[in-house]
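**Student:** Below are the structure tokens for one structure; questions will follow.
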């Protein structure tokens, strides 16, 4: 009898199952990394908007009534394009999405900038947060 060399059906099925399991784990890890990167971008965007608003306040002695692109005053541009929320905007934590909402305070001497994180990022917990002239809470 001549012995044939090759893989059995069972060996091939085991290898396919292992590859399937590894690819599933890779996709889950990739989705977590994507969510964390979106949240890191959100925190970075808020800090950039805060910096532009503070520069605006130093020159105009008031915060703008609204933030539209660009944030500018007296021929000086503080932020050429106001960042938008990275997509997909809803990471499951925020029911209404993760839009950035700016609201000036009384006499434009203060403001609130609300946003939402899908997961903890940079020492900031997930959920809705508010940025004020003094920082992020």
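Bear in mind these aren't lab numbers, they're just calculated from the coordinates by the rules spelled out. Quantities reported herein were computed from a predicted structural model and do not represent experimental measurements. Glycine gets a Cβ as well: all are built from the backbone with ideal geometry, and neighbour counts include every protein chain shown.
**Student:** Taking the beta-carbon count within 10 Å as an exposure proxy, list 39, 45 from fewest neighbours to most.
**Tutor:** The most exposed by this proxy come first: 45, 39.
**Student:** Which label marks the calculated value of Rg and Dmax of the Cα atoms in Å, given the options (i) 24.4, 96; (ii) 17.7, 54; (iii) 13.8, 42?
**Tutor:** Answer label, from the structure shown: (i).
**Student:** What do you get for the angle between helix 9-60 and the principal long axis of the chain? Use alpha-carbon atoms, 0 to 90 degrees, nearest ten.
**Tutor:** Here the helix axis deviates by roughly 10 degrees.
**Student:** Please give the calculated 222 nm ellipticity per residue for the chain, where each DSSP H segment of at least 4 residues contributes -39500 (n - 2.57) and the sum is spread over every residue; nearest 500 deg cm²/dmol?
**Tutor:** -14500 deg cm²/dmol, from helical runs alone.
**Student:** Now, a different point. Using the basic label-point model (7 angstrom from Cα toward the beta carbon), what is the residue 21 to residue 62 distance in nanometres?
**Tutor:** Calculated label separation equals 6.6 nm.
**Student:** Okay, next question. Normalised by the number of residues in the range 10-136, what is the relative contact order in percent for Cα pairs under 8 Å and 6+ residues apart?
**Tutor:** 20
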